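Undergrad: Please find one structure pasted underneath; my questions will follow.
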Amino acid sequence: MRRKPGLAAFGIFGSSIFATALLAQEPGGPGAPWRGAGAQPCFGAEGGTFQCRSAPGVTAVRAGRLLDSKSGQLLTSQVVLLQGERITDVGAEAQIKIPADARVIDLRGETVLPGLIDAHTHMFNYPKPGMSRETSTLIAIHNLQADLRAGFTAARDMSSHGNGYADVDVRNAINEGRIDGPRFQVSGRGIVWGGATPAATAANPLMSARVHAEDDARAAVREHVERGVDWIKLFPGGAYAFLATGEARYVMTYPLPVLQALIDEAHRLGHKTACHVLGGEGQRNAIVAGCDSIEHAFDLNPEQAEMMVEKGLSYDPTLVRYTEPYMDDNDAKSTGGKYRMIPIFEKAVTMAAATKGLKVMSGSGVDGSTFPHGTQALELEWLVKRAGMSPARAIQSGTMINAEAMGWHEQIGSIEKGKYADLIAVSGDPLADITELQRIKLVMKGGKIIRDDLPPRAMTAR
């Protein structure tokens, strides 16, 4: 039956009137008086409220020991002055005048370091069958807050594990102050090789973007950039298997021209690339094509390491993640216990750590499965105990080198004037015992105390 014009018009205009009534209840524009309940909150770009940041005050941190991450030396009796979220001055107690109205945090019994940076995380777990997007996001928030409380005030997230571009949304929520979390750089879905012929079945839009040729490789990079990612995560290499001779063979994915197109397009758009490789031709291709950070690289050799130095590429081994007991279990099952990948990988990382000029990053690969979030200071211990780094250099990997690779070296990575007040404190000396970083006592991000396990005497005001 034909609808009467009057009823149709009423449906349209009735909805408009209702929407207008709702809009009338929204807060006014900039400068308008608050007409809602209670004190005026702050609003995010997409709506929703959160507590406004208070006016920045002056804070003085008195450090018994302070790590200068540039020199790798511990300085004694230091003062760090903060104004809001930034450091305004750093120096010896005798040189720094603490303002009379400053809040003073007394850490004269502790060691103060810059906030740690994890260069390889996955805030999202792979969703289990039937898991809702809401549950997946709640787990991700729990993961990133565990990382922050563990002293990792910044991180790089290396694909959303089947959760689309949700990592972009979480990063934005942190930046807007909606939730507490590390400063994040994210990479969205990641881009994988789908073969030269497109599959007949449609790909899951929340999983990795699949490419089949150079043109759609460039298009996939553009989509990621348009969706707001910071890094382009690529997968030039796949799994490994041992031959009967004991030689390891590795799967190569993208042909080199496709990989080069992916990297060149990312660079053209001002973005860096991170390449997951385990070894073989895919690993070499990633280095030849100029991938900005090489992830894992089980059989990295001296020639490749030197090529990385010449090209200014970074190496992120994720040592703990691939020396866990499950690796031996898998190798024992597939080779009858004859061959193991762990010693091959440890040899490569030790060689890389000894290569002059190679920027060895510290990334954990935490993903909520075999490597739980909040425990990634183990990576720094492994770089010392299994790769031969000094504690000072391992900490530099987890602060300054990571900050440089992420393009944040002027903002974080060391305790210097003008940088963010991202600080952590431990009771002992991490240069003598790197495991001290697994016993964080205080975490501060941007001047805000996130964790405080110190006795009451450590917090004073005047």
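The values are calculated or read from the model by the stated rules, or taken from the named source; none is laboratory data. In this text, all values refer to a predicted model and were calculated from it rather than measured experimentally. Backbone-built Cβ (ideal geometry, glycine too); neighbour counts: all protein chains shown. Ligands, DNA and RNA are excluded from the accessible area calculation, which covers all protein heavy atoms including side chains. Shrake-Rupley method; radii C 1.70, N 1.55, O 1.52, S 1.80 Å.
Undergrad: DSSP loop (so not H, G, I, E, B), at most 14 other Cβ within 10 Å: list which trypsin sites (Lys or Arg not before Pro) in the stretch 190-265 pass both filters.
TA: Numbers: sites: Arg210, Arg218, Arg222, Arg227, Lys233, Arg249; in loops: Arg227.
Sparse-neighbourhood loop trypsin sites (Lys or Arg not before Pro): Arg227.
Undergrad: Ignoring everything but the protein chains, give the 1.4 Å probe accessible area of Ile344 in square angstrom, nearest 10.
TA: Result for Ile344: roughly 60 Å² accessible.
Undergrad: Loop-only GluC sites (Glu not before Pro) in the stretch 362-446, please: DSSP not H, G, I, E or B, and at most 13 other Cβ atoms within 10 Å. Working shown, then result.
TA: Numbers: sites: Glu379, Glu381, Glu404, Glu410, Glu416, Glu436; in loops: Glu410, Glu416.
Sparse-neighbourhood loop GluC sites (Glu not before Pro): Glu410.
Undergrad: Using only DSSP helix segments of four residues or longer, with each worth -39500 (n - 2.57), what per-residue ellipticity at 222 nm results for the chain after dividing by its residue count and rounding to 500? Kindly include the intermediate steps, with their values, before the conclusion.
TA: Working: 12 runs with 134 residues, N = 462.
So the helix-based figure for the chain works out to -9000 deg cm²/dmol.
Undergrad: Counting DSSP beta bridges with both partners in the stretch 217-302, what percentage is antiparallel, nearest 5?
TA: Working: 4 of 12 bridges.
Of the beta bridges lying entirely in the stretch 217-302, close to 35 percent run antiparallel.
Undergrad: Run the numbers on the stretch 328-462 and let me know its relative contact order in percent, using alpha-carbon pairs under 8 Å that are six or more apart. Before the final figure, lay out the partial values.
TA: Working: 147 pairs, mean separation 20.7, N = 135.
In percent, rounded to a whole number, it is 15.
Undergrad: OK, next. How much of the DSSP bridge set in the chain is antiparallel, in percent, rounded to the nearest 5? Let's see the in-between values first.
TA: On the way: 37 of 69 bridges.
Roughly 55 percent of the DSSP beta bridges within the chain come out antiparallel.
Undergrad: Here's something else I'd like to know. Placing +1 on the Cβ of each Lys and Arg and -1 on the Cβ of each Asp and Glu in the chain, which of Gly177, Ile412, Trp382 has its Cα farthest towards the positive end of the resulting dipole?
TA: The listed residue farthest towards the positive side: Gly177.
Undergrad: How big is the dipole moment of the chain about its Cα centre under a simple scheme where the beta carbon of each Lys and Arg is +1, that of each Asp and Glu is -1, and everything else is neutral? Debye, nearest 20, please.
TA: Values: 49 positive and 51 negative charges, 228 e Å.
Charge dipole, the chain, about its Cα centre: 1100 debye, nearest 20.
Undergrad: Along Cα→Cβ, 7 Å out, is where each label goes; now give me the distance between the ones at Asp101 and Ser427 in nm to one decimal.
TA: In this crude spin-label approximation the distance works out to 3.7 nm.
Undergrad: Follow-up question, since we're still on this one. Heavy atoms of the protein only, probe of 1.4 Å, neighbouring chains included. What is the accessible area of Val288 in Å², nearest 10?
TA: 60 Å²
Undergrad: If you don't mind, there's one more thing I want to ask. Which percent of the accessible heavy-atom area of the stretch 204-276 goes to carbon and sulfur, probe 1.4 angstrom? List each step's numbers first, then the result.
TA: Working: 1830 of 3350 Å².
With neighbouring chains kept in place, the figure for the stretch 204-276 is 55 percent.
Undergrad: Given contacts defined as C-alpha pairs under 8 Å and at least six residues apart, what's the relative contact order of the stretch 400-458, whole-number percent?
TA: On the way: 73 pairs, mean separation 13.6, N = 59.
Over the stretch 400-458, the number comes to 23 percent.
Undergrad: Counting DSSP beta bridges with both partners in the stretch 77-231, what percentage is antiparallel, nearest 5? Can you show the working numbers first?
TA: Working: 6 of 16 bridges.
In the stretch 77-231, approximately 40 percent of DSSP beta bridges are antiparallel ones.
Undergrad: Another one. At Glu247 and Ala94, where each label point lies 7 Å from the Cα along Cα→Cβ, what is the point-to-point distance in nanometres?
TA: It is 6.6 nm.
Undergrad: While we're on this one: Rounded to whole Å, give me the distance from the Cα center of the stretch 271-326 to that of the stretch 56-121.
TA: 35 Å
Undergrad: Can you pull the one-decimal nm distance between simple spin-label points at Lys356 and Glu303, each 7 Å off the Cα toward Cβ?
TA: Rounded to a tenth, the inter-label distance reads 2.2 nm.
Undergrad: Related question: With a ≥ b ≥ c the root eigenvalues of the C-alpha gyration tensor of the stretch 30-175, is it rounded (a/c under 1.5), prolate (a/b larger than b/c) or oblate? Don't jump to the answer; show the numbers that get you there.
TA: Numbers: a/c = 3.22, a/b = 1.39, b/c = 2.32.
Taking the square roots of the gyration eigenvalues as a ≥ b ≥ c, the stretch 30-175 is oblate.
Undergrad: Here is a further query. Classify the chain: rounded, prolate or oblate, from the alpha-carbon gyration tensor (a ≥ b ≥ c, eigenvalue square roots; a/c under 1.5 rounded; otherwise prolate if a/b is larger than b/c)? Mind dumping the intermediate values first?
TA: Working: a/c = 2.09, a/b = 1.05, b/c = 1.99.
Because a/c hits 1.5 or more and a/b fails to exceed b/c, the chain counts as oblate.
Undergrad: Straight-line reach only, C-alpha to C-alpha below 26 angstrom: list the lysines that Lys311 could link to, leaving out same-chain residues fewer than 8 apart.
TA: Filter leaves Lys70, Lys233, Lys272, Lys347, Lys356, Lys359.
Undergrad: Multiplying the sequence separation of Thr197 and Ser71 by 0.36 nm and subtracting their Cα-Cα distance, what value in nm do you get?
TA: Net length gain for the segment: 40.1 nm.
Undergrad: With an 8 Å Cα cut-off and a minimum separation of 6 or more residues, compute the relative contact order for the chain in percent. Don't skip to the answer; put the middle values down first.
TA: Numbers: 964 pairs, mean separation 81.0, N = 462.
After rounding, I find 18 percent.
Undergrad: Follow-up. All other residues with a Cβ under 15 Å from the Cβ of Tyr315 taken together, and with Lys, Arg as +1 and Asp, Glu as -1, what is their net charge? Walk me through the intermediate numbers first.
TA: Details: positive: Arg156, Lys272, Arg284, Lys311, Arg321, Lys347, Lys356, Lys359, Arg393; negative: Asp292, Glu295, Asp299, Glu303, Glu306, Glu310, Asp316, Glu346, Glu379, Glu404.
Around Tyr315, the surrounding residues sum to -1.
Undergrad: I've got another one for you. What lysines does Lys445 reach when the alpha-carbon gap must be under 18 Å and sequence neighbours fewer than 8 apart in one chain are set aside?
TA: Counting by Cα, and skipping residues close in sequence, Lys445 has these lysines nearby: Lys417, Lys419.
Undergrad: Evaluate the charge dipole of the stretch 328-427 about its Cα centre and quote only its size in Debye, nearest 20, assuming +1 on the Cβ of each Lys and Arg and -1 on the Cβ of each Asp and Glu. Present the calculation step by step, with values, prior to reporting the outcome.
TA: Values: 11 positive and 11 negative charges, 79 e Å.
Dipole magnitude for the stretch 328-427 comes out near 380 debye.
Undergrad: Do any GluC sites (Glu not before Pro) in the stretch 206-259 lie in a DSSP loop with no more than 13 other beta carbon atoms within 10 Å, and if so, which?
TA: Details: sites: Glu214, Glu223, Glu226, Glu247; in loops: Glu247.
In loop regions of the stretch 206-259 (DSSP not H, G, I, E or B), the sparsely surrounded GluC sites (Glu not before Pro) are Glu247.
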